[in-house]
Each structure stands twice: as C-alpha cells, then as structure tokens.
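Below you'll find the structure, written out as structure tokens, and then a few comments.
The numbers here are math on the coordinates, done by the rules we state, and not lab data. Nothing here was measured: the structure is a model prediction, and the numbers come from that model. Please note: Cβ atoms are built from the backbone with ideal geometry, for glycine as well, and neighbour counts cover all protein chains shown.
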Amino acid sequence: MTSRSDSDLRARLNATQPNSARVWNYLLGGKDNFAADRKAADALTDQLPEIREFARAGRAFLTRATGFLAAEAGVRQFIDIGTGLPTADNTHEVAQRIAPESRVVYVDNDPVVLTHARALLTSDPAGATSYLDADAQDPARILKAAADTLDFSQPIAVMMIGILGHLSDADQPAQVVRTIVDALPSGSYLVVNDSIPTPGNTIAAETARSDGTHYHLRTVEQITAFFDGLDLIEPGVVPTPLWRPAPGPAPAGIAVYCGVARKP
C-alpha cells in the first residue's frame, strides 16, 4: 500500500469541511462521516431527494459491472479509481467471489479512505489487492504504481464510478481517460458512471459547490465521448439502473448515466 505519514494525514483531514467520499458514505447509510458531511448531505437531499437513490444505483452498478467483467468478460485485473470508503461488495469482493485470483488496485486521495484501506486489502490468498494514495488528475502516477500489482500485458478493467464529475473541464478529464486507456492492452475495459445536467442535479451541484464540494455535470453525449475508440457493451450508455439490471420489474431511469466499453 502506498501511504503517507500520520502527520500528513492529520493535516489533510479537515472534519469541518465536507468531503465527497464521506458525504457519499452518509448517503449510503454509513457511519464514516462528520457533522459537516451530514449537513452537506442533508442540504443536497433537500434540493434533490433522489440523491440517495443515485448513490445506491451507483453501488449496484459497480457490483453488476464487476460481475459482468469477471464472469462474462473473463477480466482478472481491475483499477478502481475514486473508490471511496469501503462498503459492502467492494470491487475485489465481487471479482474474487467469481475468480479468486483477481487482482485489484484501489485509488483514492482522501485521508479517511486511506485510514480504512485495510478493509480493501483483505484479498483472497489466490489474488491480490493494493491501495494507492493518489489523485485521479495524475494518471501517470496511477499507472506506474498499478504496475506493481497488475500485469499490463493482460486485460485490465478501469472503474471510474462517479469520479470524472470531480474533474473540471480545466482538469481535462477526457485526456485523463485517454492517458489511462492508451496504456491498457487490447481486451481491457473502461467503466464510467456520472450524473447528467437536469434542473435538480444543477441545483444540487450548486449547493455542493457552496459547501466546498465541486461536481461537474456532463451531458449524455459528453459521457459517451469518454468511450471514443472503444466498443460499447450492450445496452450502451444508459441510465444507471437500466444497465443489465437484475431479473424482475423494469427499473426506472434516473439522471445518472453509465457505460462499459472494451478496448479493441
């Protein structure tokens, strides 16, 4: 695990400032959050009551996408960027239930996530997990460190669940994605899930910005463009609950879209 000193972590941990990982943890019913995070989450819920559904849908999609990649696509290596705080059915748990030899690199730069990283490192002995304290804006660092755990001559799935919205246009998210995808071998996969502009989402994003948490909404067309040059897996870029849902009544669409694509 790539880590930093305890003093550095304490300096980076600001309990008075809302943090996206902790806000999302609260929305998912977790306990790893502070009063500032709960206040920010409650303000978001007041503006956008369905935001808790968005959080649950994102986690459920992560489970379904990982299951597809491990079972149907035969992927055995994963990079989960912006993993957030550990919860049920983390990427390595889903993948290793299907293929115990799966190897997973988690990436996040939140000090609270780092302190909980041990929960992400409880790998099946046949596989491996590691945690990288890094920012999504630094794909070169992510790729270099991931090579300590993963074999870049074999397919790798890159999970970007709700992370690209935290990059502004100035951060060049498309270039971040391209840098990562270009480094992957043929047969690798990209997984993306992010919110789109709607009146409710826009108000919620403005509320979050006032609390110091920035989220940049992108259109369905902009999300789809992240997959340029890749082969989208059916059903393509769709509302998150509609991507290969579990058997049963058809779920309703929401203003969060996702997709999975394969590198030729």
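Identify all aspartates and glutamates with a Cα-Cα distance to Lys263 below 14 Å; exclude those on the same chain that are fewer than 8 residues away in sequence.
Answer for Lys263, where 14 Å is the Cα cut-off: Asp182, Asp228, Asp231, listed by chain and number.
Tell me, in nm to one decimal, what length is gained between Leu232 and Arg118 on full extension, where the rule is 0.36 nm per residue of separation less the Cα-Cα distance?
Using 0.36 nm per residue and subtracting the Cα-Cα distance, I get 37.7 nm.
Please list, or write none, the lysines whose alpha carbon is within less than 26 Å of the alpha carbon of Lys39, excluding same-chain residues fewer than 8 places away.
Partners within reach: Lys31.
Tell me the relative contact order for the chain as a rounded percent, counting alpha carbon contacts under 8 Å between residues six or more apart.
Computed value for the chain: 18 percent relative contact order.
Would you calculate the separation in nanometres between label points at Ala35 and Asp151, each defined as 7 Å from the Cα along the Cα-to-beta-carbon direction?
5.3
Using every alpha carbon pair in the chain, what percent of pairs falls into each 10 Å bin from 0 up to the bin containing the largest distance?
7, 32, 39, 20, 2, 0
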